[in-house]
Structures are given as structure tokens and as C-alpha cells.
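The values are calculated or read from the model by the stated rules, or taken from the named source; none is laboratory data. In this text, all values refer to a predicted model and were calculated from it rather than measured experimentally. Because the Cβ atoms are built from the backbone with ideal geometry, glycine has one as well, and the counts that use them run over all protein chains shown.
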Amino acid sequence: MKKIIVLLIVTVFTFSCKQEKKEETQNKEISQTKMQKNLSKYVNVKLTTDLSKLTDNERKMIPVLIKAADIMNDLFWYESYGDKTALLNSVSDADTKTFVKINYGPWDRLDGNAPFVEGVEAKPLGANYYPKDMTKEEFEAADIENKSSIYNFVRRDEKGKLYSIPYHQQFEKEVKTVSDLLLEASKLADDAGLKKYLELRAQAMLDDNYQPSDLAWMDMKTNTLDIVIGPIETYEDQMFGNKAAHEGYVLIKDQEWSAKLARFASFLPELQKGLPVDDAYKKETPGTDSDLNAYDVVYYAGDCNSGSKTIAINLPNDEEVQLQKGTRRLQLKNAMQAKFDKILVPISEVLIDETQRKHITFDAFFANTMFHEVAHGLGIKNTINDKGTVRTSLKEHSSALEEGKADVLGLYMVQQLHSKGEIDGDMKDYMTTFMASIFRSVRFGASSAHGKANMIRFNFFKEKGAFSRDENGVYKVNYDNMIVAMKDLSGLILTLQGNGDYDGVADLVKDKGIISNELQSDLDRLSSANIPVDVIFEQGLTALGM
């Protein structure tokens, strides 16, 4: 009898172990399949350009500039997560490790920052800029040196008191290396404007005083090479939208395309006066020293390389520089072409009515993207009721609303310039391509300012009848209604910004910054059709054939 009992116990134990092993294998396979699906959100693109028009010195500068930009990766890793090495060492699966690198952390940037590494909790709203246990109320009540600076971290001392540490101190070794590389590049620069900018940017890395180099960057007119480098955008700080993230782009100007675009900057004051909003909200005069340029980007690093990739730049963000000089708008032509070919066109073949697909064109995509960046210079930077700047008044919602403003005002500008005969083509091209672009950008998710802005616009346009959806989930643009919706949303956003209406913006985001079940089912069809959400780059000297 005892032998039978022992045999039964052994049998049950053996079966249990086999079952556990089977379940473990199944769970591993499910995890691997999910991670492969995550990786399929991205399509690989090789960043190349024609180097034949560069001088010998310009060719020598490219490796130096790429080396400087590459350091932004480690700085952004710290800002986004913290200890990069410890995280990567804790992940054994190769696909998961690759996905961690794409996201600069264990949170999926295209899925609302959902954690995808086992044991990792939700991403702190303040990323790694603030103590993980700090509340908004504690920060607002605290006496911290340079509290409003966008160039410092907030930490706790041994007694638990909050204090700040400037970027140039936290990253003392790294920024010294970057500074030296920028000075090395400046000695090779033939263009006087580029030389001055590199020298001033090198100094800015050491003291976080970026305004002089921003002004010098605005003064550059004849350079072929360019580098955008340093702590710039504030999207990563979703607690206050205040702390800047490190990033770097190495760029080569397309002189011919840039010459075609240059004249549009002169229309800014006239377009500002014509904005569909009360005069109080357009009393500021945009700087007229703005440039519109087309570039091929040959290297992305840091913030701009995480999750969804930037295809156009509008800088500097410093409101004082904007009012004094305007901004420069850089269209990243090769990256833009890749997203159009590999993402936007396939999306239109699934979601846009067949009779309107002929209106999806690269020229319209380029123009819409370009005027999005131009539109950042329109509207208002300072509230009309003494609440300070729009950015500081709207806090964590400022980035999403500003991106929404730029999108809708960009289309408004296209429509205005088209009616004046300054832009060629069929206006239906611009509006249909704009509609398809909403589907492209809304897939970036709620963790992206651009994604959130597109959710708001989609829902607003739906209410206004700017498009219809048939029973098969195919969309058709109602062009007349879209023009009305564009003007109404422009007026709403500009008013909220000018009033510094934090509660009003919060309500707008809560009400319209969502993806409905119906829209989600349509976006799922794009995933089922294996249409990528965004791109990852094969980049650097090897990709350039150097």
C-alpha cells in the first residue's frame, strides 16, 4: 500500500513539474510573440544623403559632430529612466533588450508608456527629473534654487529636503567632452556663422546658458552643415512639462529645396493678423528673421530618437529669442520621405476612401509638415492676463496643445496661401493628406504630445462633420466642413493659450484626447495589415559610406 502511495506521489509530482515546464514554455512563447509584435511597429530605414557637394572640411566635421551627438543618448537615458546598464543587464531576451533600447527604457512609448519588462512599474510622470515619490504639491510648496529652470534635476538631500542640481554639474564629464568636440568641429568650419554657433554652443554645454548660442544659431544663413544639440524639448517631463531633454541631430542642408522655401517666412506677420481669433490673442508680432530650410538628417540621438521620430524641427523654444528673431524651421526631407512611403501611403490604402486616395501626395505631406513648424511661430507666447508665458501657465498640457495648434494652424496657413496663389496644387491634396496624417500620428499614443494632439483634433473634426466613416471603416473627407472645423479649433486653442486656461485645457484633453473603441478598431486594422507605426534608423558613418 505504501509503495502505491509513493508511486502516486511521484507520478503527481512528475506530472506537476511537466505541467509547470509546459506552462513556462508557453508563457515564454507568448512573451516572445508579443515582443516580436512590438518590434514590428517599427520599420528600419537607412539614413543616407548625397555627400558629393560637401567640402573636404565639411566631410571631416561629420564624424566629429556625430560623436558629439551620440553622447546625447546616454544623457537622455538618465533623464528618461536612470541606470541604463543595470536595466539592460537585467534583461536576458534579445528582442526585449532591443525594444528597451528603442524606447530608452522599459516603457512602450507607442502604447501610452505601458511597461513591458517584468517587474517594472508605471513610468513616473516626471521621468527621472524628480524624486519618484515627489508630488506636484510638494514641489510647488518647496523652496528650491532656480526652481523654474528647465536645465536642472530635482533631488532629495539626506534629510529629505528637495534641492536642485544643474545639468552641467550632473553631467560634468559628458558635457566637457561634448564641448571639446564642438570646439574641434568649429576649427574646421568654413562658414563664419556655423563657427560662431559651435563655439557658443560649446560654452553653453558647460554652463547651461543656451540663449547666446540660440541667437547665433538664428543668425546662421549660409551654412551647409548643422547640428542641433543639447537639452531642448520638454515632452519627457509629463508632470510639469518643464524639464528639457537632451538630444542631437546632425544635418546637411539641401540648398536647392531651401531656396524654394525661404520666401514663405515673409508671410508670417500677415498670417498672424488674419488668424481666426479676437485681436487680443494675436497682438504679438512674430519674428521675421525666421528661416525655412530643407535638410537631410544623418544622425539622431537622445530624445528625438526615442519612440516616434521627429521629421521637422522648429527651434529655438526660448520665447525671448522667438519674439526677437523668430525661429528656424528645418524639414528633414529624407526622414519625411521614408515615413510617407512606408507608413502614410499604406495607411491611406486601408482607411481613406478609394476616390480620394489620389489626393495623398508627398508634396502635400511636405507642405503640411513644413507649415506645422511655421505655425509654432504664430499665435501667442505670453498670456493676455498676466499669467506668464503660455508654457508655464499650461504646465504639463502645454506641449500637447502647442502641437495641436501647430497642426491646425499649419493647415490654415496652407489654405490661406493657396487662396492667394502662393502655393500650387489642389487644396484637396492638402486636406486629404492631412486626414491620413491624423491616423499616422494618433498611433503614437497618449504618451506623445503629437499623439494626444491628433486625438483631440480627430474627435473635434468628427463632431464638426469634417469627415464621414462608412460601415467598412473607410473615411471620406468633407472638404467644406473641414475648413470650418479648422478655423473653429484654431480659435479655441489660441483662446485657451492666451488665457493661460489650465482647467479649460485639462477638460479638452480629458474630453477629446482619447481614442474611441471605433477608432481603435480601425487602428488595429493597420496593425493587422503589418503597417508600421514608425521608423528606426540604420545610421552613422557606415550608413553614409564614410
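In region 297-310, how many residues are at pLDDT below 95 and either of a type outside the set (G, A, S) or assigned to a strand (DSSP E or B) (or both)? It would help to see each step written out before you state the result.
Start the filter on region 297-310 by keeping residues that are at pLDDT below 95, which leaves 307-310.
From what is left, the residues that are either of a type outside the set (G, A, S) or assigned to a strand (DSSP E or B) (or both) are 309-310.
So the count comes out to 2.
What about K487, is it basic (K, R) and either crowded, with 22+ Cβ neighbours inside 10 Å or closer than 30 Å to D386 by Cβ (or both)? Give the derivation first.
Values: basic (K, R): yes; either crowded, with 22+ Cβ neighbours inside 10 Å or closer than 30 Å to D386 by Cβ (or both): yes.
For K487, the condition - basic (K, R) and either crowded, with 22+ Cβ neighbours inside 10 Å or closer than 30 Å to D386 by Cβ (or both) - is met.
Can you find even one residue in region 248-256 that is more than 22 Å from the chain's Cα centre (by Cα), crowded, with 17+ Cβ neighbours inside 10 Å and within 19 Å of N314 (Cα to Cα)?
Of the residues in region 248-256, the ones more than 22 Å from the chain's Cα centre (by Cα) are 254-256.
If we keep only those that are crowded, with 17+ Cβ neighbours inside 10 Å as well, we get 254.
This time we only want the ones that are within 19 Å of N314 (Cα to Cα), so: 254.
Yes: region 248-256 contains one or more residues that are more than 22 Å from the chain's Cα centre (by Cα), crowded, with 17+ Cβ neighbours inside 10 Å and within 19 Å of N314 (Cα to Cα).
Tally the residues that are of a type in the set (A, V, I, L, M), in a helix (DSSP H, G or I) and touching a residue at least 60 places away in the same chain (Cβ under 8 Å), restricting the search to region 455-481.
Taking region 455-481 as the starting set, the residues that turn out to be of a type in the set (A, V, I, L, M) are 455-456, 466, 474, 477.
Restricting the remaining residues to those that are in a helix (DSSP H, G or I) gives 455-456.
From what is left, the residues that are touching a residue at least 60 places away in the same chain (Cβ under 8 Å) are 455.
Looking only at that region, the number is 1.
Give region 60-85 a look and list any residue that's part of a loop (DSSP other than H, G, I, E, B) and without any contact (Cβ under 8 Å) to a residue 12 or more places away in the chain, or say none. Explain how you work it out, then say what you get.
Pass one, region 60-85, residues part of a loop (DSSP other than H, G, I, E, B): 81-83.
Across region 60-85, the qualifying residue is only D83.
Residues that are acidic (D, E) and over 21 Å from P316 (Cα atoms): find the helices (runs of 4 or more DSSP H) completely inside region 126-216 holding 3 or more of those.
Numbers: elements: 136-141, 167-170, 172-186, 192-207.
Ranges flagged: 136-141, 172-186.
Select from region 145-185 the residues that are farther than 30 Å from L198 by Cβ, surrounded by 12 or more Cβ atoms within 10 Å (Cβ to Cβ) and either of a type outside the set (V, I, T) or free of Cβ contacts under 8 Å to residues at least 12 places away in the same chain (or both) and list them in ascending order.
Of everything in region 145-185, those that are farther than 30 Å from L198 by Cβ, surrounded by 12 or more Cβ atoms within 10 Å (Cβ to Cβ) and either of a type outside the set (V, I, T) or free of Cβ contacts under 8 Å to residues at least 12 places away in the same chain (or both) turn out to be K147, R155, R156, L162, Y163.
Just one of T222, T234 is in a loop (DSSP other than H, G, I, E, B), touching a residue at least 12 places away in the same chain (Cβ under 8 Å), over 28 Å from A453 (Cβ atoms) and of a type in the set (S, T, Y); which is it? First the steps, then the outcome.
On the way: T234 fails: over 28 Å from A453 (Cβ atoms).
Answer to the check: T222.
Given the conditions (1) among the aliphatic types (A, V, I, L, M); (2) farther than 24 Å from K243 by Cβ; (3) out of contact with any strand residue (DSSP E or B) (no Cβ under 9 Å at 6 or more places or on another chain), report the number of the one that V100 does not fulfil.
(2)
Quick check: anything in region 61-76 loosely packed, with under 13 Cβ neighbours inside 10 Å and either touching a Gly at 6+ places or on another chain (Cβ under 7 Å) or of a type in the set (S, T, Y) (or both)? Break it down stepwise before answering.
Step one: of region 61-76, the residues loosely packed, with under 13 Cβ neighbours inside 10 Å are none.
Checked against the condition, which is being loosely packed, with under 13 Cβ neighbours inside 10 Å and either touching a Gly at 6+ places or on another chain (Cβ under 7 Å) or of a type in the set (S, T, Y) (or both), region 61-76 yields no hits at all.
What pairs come up if the first residue lies in region 487-509 and is touching a residue at least 24 places away in the same chain (Cβ under 8 Å), the second is of a type in the set (S, T, Y) and not in a helix (DSSP H, G or I), and their beta carbons are under 8 Å apart, counting only those six or more places apart or on different chains?
Pairs that qualify, where the first residue is touching a residue at least 24 places away in the same chain (Cβ under 8 Å) and the partner is of a type in the set (S, T, Y) and not in a helix (DSSP H, G or I), are Q497/T383; G498/T383; N499/T383; G500/T383.
Of everything in region 194-211, what is in contact with a helix residue (DSSP H, G or I) (Cβ under 6 Å, 6 or more places away or on another chain) and buried (at least 16 other Cβ atoms within 10 Å of the Cβ)? Give them in sequence order.
Within region 194-211, K195, K196, Y197, L198, E199, L200, R201, A202, A204, M205, D208, Y210 meet the criteria.
Out of (1) more than 26 Å from L183 (Cα to Cα); (2) among the aromatic types (F, W, Y); (3) in contact with a Gly (Cβ under 9 Å, 6 or more places away or on another chain), the odd one out for Y210 is which?
Every listed condition holds for Y210 apart from (1).
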